[in-house]
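What follows is a short report on a single structure.
Read the figures in this text as sums done on the coordinates, not as results from a lab. The model shown is predicted, which means the values in this text are computed figures rather than measured ones. Please note: Cβ atoms are built from the backbone with ideal geometry, for glycine as well, and neighbour counts cover all protein chains shown.
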Amino acid sequence: MDTLDAFLKAHDVVAVLGRDVPVRLLDISSSGCLLESAFRLEIGTHGSLRVVFDGQEFSDDIRVMRCHPSAGNSGSYHVGAEFLWTMVPQDFSLRMVLPKLEGRSLKETRLQSLRRM
């Protein structure tokens with residue numbers, strides 16, 4: 001059996017499928033955020049939320065806690081997500097940018113590496 005066959009037949013191999021999902025950041029707090037998405041996201045989905053603000057990129061790992069159709073016939077969804085404590089918040093953490101966000105708009109928001117665990 002060659003190395004590839006051994007790898008493919010192993011019972012402990014785990015793979016993760018990721019995708020980018022464009023989202024709009026509607027609200028943010030120290031514990032989570034409210035997003036708007038054109039796609040329905042499953043509760044329990046984990047991802048990395050990346051935001052560009054004043055030329056700097058900020059990110060945090062999140063878990064989707066709820067997902068409901070938006071009011072009206074827009075076809076979009078409101079997604080409630082909590083921040084995960086996968087690491088101590090750093091200077092690039094979304095939680096650290098909160099004081100800078102008051103009254104300002106975000107240029108780009110993207111949910112990346114979306115995966116179900």
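Find the residue count for the stretch 1-26, including only residues that are surrounded by 11 or more Cβ atoms within 10 Å (Cβ to Cβ) and not in a loop (DSSP other than H, G, I, E, B). Going through the stretch 1-26 one residue at a time, the tally reaches 6. Residues in the stretch 28-75 that are acidic (Asp, Glu) and over 11 Å from the mean Cα position of the chain (by Cα): 36, 42, 54, 57.
Of everything listed in (1) within 17 Å of residue 83 (Cα to Cα); (2) in a loop (DSSP other than H, G, I, E, B); (3) not hydroxyl-bearing (Ser, Thr, Tyr), the single unmet condition for residue 39 is (1). When restricted to residues that are surrounded by 14 or more Cβ atoms within 10 Å (Cβ to Cβ) and in a strand (DSSP E or B), the stretch 62-81 contains 9.
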